[in-house]
Amino acid sequence: MDALDRVVKPKTKRAKRFLEKREPKLNENIKNAMLIKGGNANLTVTEVLKDIYAVKKPFAVLYKRKNITRPFEDQTSLEFFSKKSDCSLFLFGSHNKKRPNNLIIGRMFDYHVLDMIELGVEKFVSLKDIKNSKCPEGTKPMLIFAGDMFDVNEEYRRLKSLLIDFFRGPTVPSIRLAGLEYVLHFTAVDGKIYMRDNIDFGWFSPPRVLLKKSGCKIPRIELEEMGPSLDLVMRRTHLASDDLYKLSLKQPKGLKPKKKKNISHDVFGTTYGRIHMQKQDLSKLQTRKMKGLKKRPAEKSAEDGGATPKKSKSA
């Protein structure tokens with residue numbers, strides 16, 4: 001049995017808090033990412049991992065030592081590191097003659113590899129090469145995806161979901177306008193739609209949002225490039241089956257909203273309620289007494305079945 005699979009009983013309060021932090025919850029913790037350098041990573045791949053770590057932290061772990069592994073052939077080492085560091089996202093960098101400047105981005109489900117996509121770096125501009133002001137650490141980015149390939153192709157659609165998972169950051173209840181200062185822009189250029197191993201993916205370049213005076217309440221927005229900037233090419237893919245992917249999206253019953261009886265909504269969001277009442281006898285309903293609605297003697301006699309005899313006058 002693996003050492004990480006054993007049931008561990010805490011001996012100290014600190015160990016107990018550590019294990020409680022990793023227990024399954026209704027509202028899960030923020031997804032952390034681990035950035036791993038391969039055994040033959042060159043300077044470009046190392047700089048890319050450092051810049052992505054600077055963008056992602058504090059929700060990331062950067063492994064500085066080289067790890068000799070091939071994720072598409074053997075995934076046990078990635079699953080070991082995922083369980084050890086409690087990370088559900090990973091970015092693996094390597095370099096060789098067949099696949100130069102190689103990045104593998106992926107995610108885990110129950111500490112097993114769910115999706116994995118290989119990307120090749122064709123052009124790279126580092127954070128330190130762009131001499132502009134940077135955003136503070138932990139800034140939640142805005143994600144923009146441009147290109148029909150993200151909606152048409154299944155591999156690009158899964159890559160879009162993977163990038164959203166990787167860069168989305170923490171879930172916040174409200175948004176402050178001044179806090180919207182960081183944009184991640186992904187563009188899929190459809191100049192080469194051959195659906196082969198080497199499809200041109202586009203570029204990834206995060207500009208910074210500048211709010212300028214506009215003379216009205218809404219500010220004028222300008223974008224300033226901050227870096228890093230990457231030109232990527234899609235290579236190999238390892239996608240989960242439809243059943244496994246559907247299982248990974250399943251939500252616990254505690255998070256599902258309880259259905260309220262006799263309440264419905266239309267397409268415009270208007271709420272309608274249904275009220276159940278007992279059947280009313282309208283013949284006994286007390287209405288407003290009006291002189292004009294009084295029945296005449298002839299109508300009363302017709303309802304009684306005939307004319308009633310008149311009273312004789314007394315002498």
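The values are calculated or read from the model by the stated rules, or taken from the named source; none is laboratory data. Note that the structure is a prediction, hence the values are computed from the model and not measured. So basically every Cβ, Gly included, is an ideal-geometry build from the backbone, and we count neighbours across all protein chains shown. Only protein heavy atoms, including side chains, enter the accessible area calculation; ligands, DNA and RNA are left aside. Shrake-Rupley method; radii C 1.70, N 1.55, O 1.52, S 1.80 Å.
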Point to revise | Nearest-10 value in Å² for the accessible area of ASP74, using the 1.4 Å probe | key: 70 Å²
Check your understanding: For region 52-198, what is the largest minus smallest coordinate of the Cα atoms on each principal axis, given in angstrom and ordered from greatest to least?
Key -> 46, 41, 33
Check your understanding: Under a 1.4 Å probe, what is the accessible area of region 1-160 per residue, stated in Å²?
Key -> 60 Å²
Check your understanding: Ignoring ligands and nucleic acids, what accessible area does SER229 show with a 1.4 Å probe (Å², nearest 10)?
Key -> 20 Å²
Check your understanding: What dipole magnitude, in Debye to the nearest 20, does region 48-128 give about its Cα centre under +1 on Lys/Arg Cβ and -1 on Asp/Glu Cβ?
Key -> 520 debye
Study note, to complete from the structure: With all protein chains in place and a 1.4 Å probe, ILE218 shows an accessible area in Å² (nearest 10) of 120 Å²
Review point. What does the highest-first list of 143-154, 84-95 look like by mean Cβ count within 10 Å?
Key: 84-95, 143-154
Revision key, fill the gap. Once normalised by the length of region 1-137, the mean sequence separation of its alpha carbon contacts under 8 Å that are 6 or more apart gives a contact order in percent of 24 percent
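Tell me the carbon and sulfur percent of the accessible area for region 1-130, rounded to whole percent, probe radius 1.4 Å.
53 percent
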Review point. So for VAL172, VAL113, what's the accessible-area order with a 1.4 Å probe, most first?
Key: VAL172, VAL113
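Accessible area, 1.4 Å probe, largest first: how do VAL48, VAL267 sort?
VAL267, VAL48
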**Study point:** Heavy-atom SASA rank of GLU118, GLU20, GLU137, GLU222 (probe 1.4 Å, accessible area, largest first)
**Key:** GLU137, GLU20, GLU222, GLU118
Exercise for review: Enter the Cα centre distance for the pair region 39-54 and region 238-289, rounded to the nearest angstrom.
Suggested key: 52 Å
